[in-house]
1. Does at least one position in region 31-40 carry a residue that is assigned to a loop (DSSP other than H, G, I, E, B) and more than 16 Å from the ligand (Cβ to nearest atom)?
2. For region 1-10, give me each residue that is over 15 Å from the mean Cα position of the chain (by Cα) and surrounded by 11 or more Cβ atoms within 10 Å (Cβ to Cβ).
3. How many of the residues making up region 1-15 are within 10 Å of Lys140 (Cβ to Cβ) and among the acidic types (Asp, Glu)?
4. Regarding region 120-143, can at least one residue be identified that is more than 13 Å from the chain's Cα centre (by Cα), modelled with pLDDT of 95 or more and within 13 Å of the ligand (Cβ to nearest atom)?
5. Can you tell me which residues in region 45-66 are open to solvent by 50 Å² or more (accessible area, probe 1.4 Å) and either more than 15 Å from Ala82 (Cα to Cα) or near the ligand (Cβ under 9 Å from one of its atoms) (or both)?
6. What residue, among those in region 11-23 that are assigned to a strand (DSSP E or B) and out of contact with any Leu (no Cβ under 9 Å at 6 or more places or on another chain), is least open to solvent (accessible area, probe 1.4 Å)?
7. Under the condition of being among the aliphatic types (A, V, I, L, M) and within 9 Å of the ligand (Cβ to nearest atom), which residue from region 67-79 is nearest to the chain's Cα centre (by Cα)?
8. If you go through region 67-120 one residue at a time, how many are of a type in the set (Asp, Glu) and open to solvent by less than 50 Å² (accessible area, probe 1.4 Å)?
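The values are calculated or read from the model by the stated rules, or taken from the named source; none is laboratory data. Values in this document were obtained by computation on a predicted structure and should not be read as measured data. We place every Cβ from the backbone using ideal geometry, glycine too, and count neighbours over all the protein chains shown. To get the accessible areas, we keep the full protein, side chains included, count just its heavy atoms, and leave off ligands, DNA and RNA. Shrake-Rupley method; radii C 1.70, N 1.55, O 1.52, S 1.80 Å.
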Amino acid sequence: MKEIEIKSTLQVYDSFDELPKDIQQLMQKSMAIRDKAYAPYSEFLVGAALLLENGEVVLGNNQENACYPSGLCAERTAIYYAGANYPDVPVLIMALTAKSLKHQLVTPTPPCGACRQSIAEYELKQNKPITIYFMGETGKVVKSSSLSNLLPLIFDNSYL
Ligand code: THU
């Protein structure tokens, strides 16, 4: 038996104001779409703004359902739209922001496990990293220069 160590390196910005200007603009788009989320059950709103290599920005937010598991997260709403409409255009950057209507969310809110798995598929498909920035409503912003930093031991199509 031997032990292996799995390491991830992330960058942490103190606040939105510390982000580069172009990322601030993308994050503002994420905030705007976040506030249009359909989340009457959780009252937890999530926005995703994706910058594609051709300069297009694709937006998504979470869409809930009375049958809870039928809802979809913001990240997958956005990345599936990008995959459907721009199948050959790499996704370069994802800006994610979450806000609760019940409390002030100041903690950077990462994509859930299911979204990480979905984003991984596209990162592998395009053979180019997707940089992910995520934040709460305010506060620190975390940057991951690849989805793989957030999902060690990815299950991919090599196992099929
Ligand atoms: N949600 C997202 O949109 N993205 C995530 O990565 C985490 C969770 C949504 C799903 C649900 O509508 C609400 O947030 C509460 O879980």
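1. Taking every residue of region 31-40 in turn, none turns out to be assigned to a loop (DSSP other than H, G, I, E, B) and more than 16 Å from the ligand (Cβ to nearest atom).
2. Ser8
3. Count: 1.
4. Checked against the condition, which is being more than 13 Å from the chain's Cα centre (by Cα), modelled with pLDDT of 95 or more and within 13 Å of the ligand (Cβ to nearest atom), region 120-143 yields no hits at all.
5. Those that are open to solvent by 50 Å² or more (accessible area, probe 1.4 Å) and either more than 15 Å from Ala82 (Cα to Cα) or near the ligand (Cβ under 9 Å from one of its atoms) (or both): Gln63, Asn65, Ala66.
6. Here is the first cut: in region 11-23, the ones assigned to a strand (DSSP E or B) are 11-13.
Keeping just the survivors that are out of contact with any Leu (no Cβ under 9 Å at 6 or more places or on another chain) gives 11-12.
Numbers: Gln11: 72, Val12: 88 Å².
Among those that are assigned to a strand (DSSP E or B) and out of contact with any Leu (no Cβ under 9 Å at 6 or more places or on another chain), it is Gln11.
7. Ala74
8. Residues of region 67-120 that are of a type in the set (Asp, Glu), as a first pass: 75, 88.
If we keep only those that are open to solvent by less than 50 Å² (accessible area, probe 1.4 Å) as well, we get 75.
Number of matching residues: 1.
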